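J.: Please find one structure pasted underneath; my questions will follow.
The values are calculated or read from the model by the stated rules, or taken from the named source; none is laboratory data. Here the structure is a predicted model, which is why all the values come from computation and not from measurement. When we count neighbours, we look across all protein chains shown, and the Cβ atoms used for this are built from the backbone with ideal geometry, even at glycine. In case anyone asks, the SASA skips ligands and DNA or RNA and just uses the protein heavy atoms, side chains included. Shrake-Rupley method; radii C 1.70, N 1.55, O 1.52, S 1.80 Å.
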Amino acid sequence: MSKTPIWKSIALSLTSDIAEGRFGTGDRLPTEAQLAATHGVNRHTVRRALAELSEQGLVQPRRGAGVFVTARPTDYPIGKRVRYHKSISASGKIPGKRILSLTTRAADEAEAEALALQPGDPVHVYDGLSLADGQPIALFQSVFPALRLPEILTHLTETQSVTKALQLCGIEDFIRTSTRLTARAATATQALHLNLNEGAPILHSLGINAAPDGQPVEYGKTVFAGERVTLTLHET
């Protein structure tokens, strides 16, 4: 197993400091010399870590003045009734979605099991990007049972909101029944969509949402940009 580069470890440490409020928006980070002394590395290594944060939109260097925090990672809760637009708005940012594709195909084994279908049954698939203040924070795929929700792709085209589309299909409420999170490294395709470097840390989420009658209505696969999102687990 390859070791995490030192510069990346420093970048993750600084991201954590920003996320936890040790450095707020507008604050100046310690100098390259101070960070190099703190981490026991040379300034070139620190410079590479700061460049990574700058690429993520978390900091901005100002010539002759230092490096300043421009944004905090987006807080995103995961719970039984979490709704994307409401959660992002609550974090003080503007939510957005971008449709990448809307298709209908046969369910694979994992999708069929999650949605209580048979492999090969038709499913509607919504691939897209989740945005916060116009910046991509997650790449997602939502899979729906096509026979139960025949018009959902039309409603997704109109609303770009899973919650609203499900309501238009007669599903007024739904809850998360399971969530599985794993840490991974971004593939070339994921990095391209999320404006990351290939191999950057990401969080991979698998979740199932069910209607009040217990029938699963959505199988979600989401890749979060690890340095732009802070996930928190909620019971409700």
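J.: Taking the highest mean first, how do the peptides 38-47, 158-167 order by number of other beta carbon atoms within 10 angstrom per residue?
T.: On the way: 38-47: 15.1, 158-167: 18.0.
So the peptides 38-47, 158-167, ranked by packing, come out 158-167, 38-47.
J.: Another question, then. Taking all protein chains together and a probe of 1.4 Å, list 63, 98, 83, 148 from the most accessible to the least accessible. Walk me through the numbers on the way to the answer.
T.: Details: 63 240, 98 115, 83 45, 148 90 Å².
Largest accessible area first, the list is 63, 98, 148, 83.
J.: Roughly how many Å² is the accessible area per residue of the chain, as a whole number, for a 1.4 Å probe? The partial results should precede the final answer.
T.: Details: 12120 Å² over 236 residues.
Here the per-residue accessible area is 51 Å².
J.: Right, next: Suppose only helical runs count, i.e. DSSP H with n ≥ 4. What mean residue ellipticity at 222 nm does that imply for the chain under -39500 (n - 2.57) per run, divided by all residues and rounded to the nearest 500 deg cm²/dmol?
T.: Details: 8 runs with 70 residues, N = 236.
Counting only the DSSP helices, I get -8500 deg cm²/dmol.
J.: Would you grab the residues whose amide H sits under 5 Å from the one on residue 79? Only those 5+ places off in sequence or on another chain, please, with H modelled 1.01 Å from N.
T.: Answer set, sorted by chain and number: 234.
J.: Also, I was wondering about something else. Would you tell me the accessible area of residue 153, worked out with a 1.4 angstrom probe on the heavy atoms of the protein chains, in Å² to the nearest 10?
T.: Rounded to the nearest 10, the figure is 30 Å².
J.: I've got another one for you. Rounded to whole Å, give me the distance from the Cα center of region 40-81 to that of region 149-218.
T.: That distance is 27 Å.
J.: Now for a separate question. I'd like the per residue volume of the convex hull spanned by the Cα atoms of region 1-69, given in cubic angstrom. Walk me through the numbers before you get to the answer.
T.: Numbers: hull volume 6.4 nm³, N = 69.
Spread over its residues, the Cα hull of region 1-69 gives 92 Å³ apiece.
J.: Related question: Enter the angle in degrees (range 0 to 90, nearest 10) between the Cα long axis of helix 43-55 and the first principal axis of the Cα atoms of the chain, meaning the one along which they spread out most.
T.: 30
J.: For residue 71, what charge total do you get from the other residues with a beta carbon under 9 Å from its beta carbon, if Lys and Arg give +1 and Asp and Glu give -1? Please report the intermediate quantities before stating the final value.
T.: Working: positive: 72, 93, 228; negative: 133.
So the environment of residue 71 carries a net charge of +2.
J.: Pairing the Cα long axis of helix 6-19 with the longest principal axis of the chain, what angle in degrees results, from 0 to 90 and rounded to the nearest 10?
T.: Helix 6-19 sits at roughly 70 degrees to that axis.
J.: Calculate the radius of gyration of the Cα atoms of region 36-109 to one decimal place, then report Dmax, the largest Cα-Cα distance, as a whole number, both in Å.
T.: In order Rg, Dmax, the Cα atoms of region 36-109 give 19.3, 58 Å.
J.: Using the Kirkwood radius built from alpha carbon pairs, what does the Stokes-Einstein equation give as D for the chain at 4 °C and 1.567 mPa s, in µm² per second? Write out the running numbers ahead of the final one.
T.: On the way: Rh = 19.2 Å.
Once the numbers are plugged in, D ends up at 67 µm²/s.
J.: From largest to smallest, what semi-axes in whole angstrom does region 44-158 give when each is the square root of 5 times an eigenvalue of its alpha carbon gyration tensor? Please report the intermediate quantities before stating the final value.
T.: Values: eigenvalues 296, 50, 32 Å².
Equivalent ellipsoid semi-axes, largest first: 38, 16, 13 Å.
J.: Let me ask something additional. If you average over every viewing direction, what projected area does the convex hull of the Cα atoms of region 166-236 give, in nm²?
T.: If you wrap the Cα atoms of region 166-236 in a convex hull and average its projections, you get 5.8 nm².
J.: List the residues whose amide H sits under 5 Å from the amide H of residue 133, counting only those 5 or more places along or on another chain, with H placed 1.01 Å from N in the peptide plane.
T.: Hits under the 5 Å cutoff: 94.
J.: Would any residue of region 120-146 have its amide N under 15 Å from a label point 7 Å out along Cα→Cβ of residue 164? List them or say none.
T.: 131
J.: Under 8 Å for C-alpha pairs, at least 6 residues apart: give me the relative contact order for the chain, rounded to a whole percent. Write down the numbers at each step before the final one.
T.: Working: 453 pairs, mean separation 43.1, N = 236.
Reported relative contact order: 18 percent.
J.: Over 22 Å between Cα atoms, which of 86/164; 3/221; 86/221; 97/164 qualify? Don't skip to the end; give the middle numbers.
T.: Working: 86/164 12 Å; 3/221 27 Å; 86/221 20 Å; 97/164 13 Å.
Table pairs above 22 Å Cα-Cα are 3/221.
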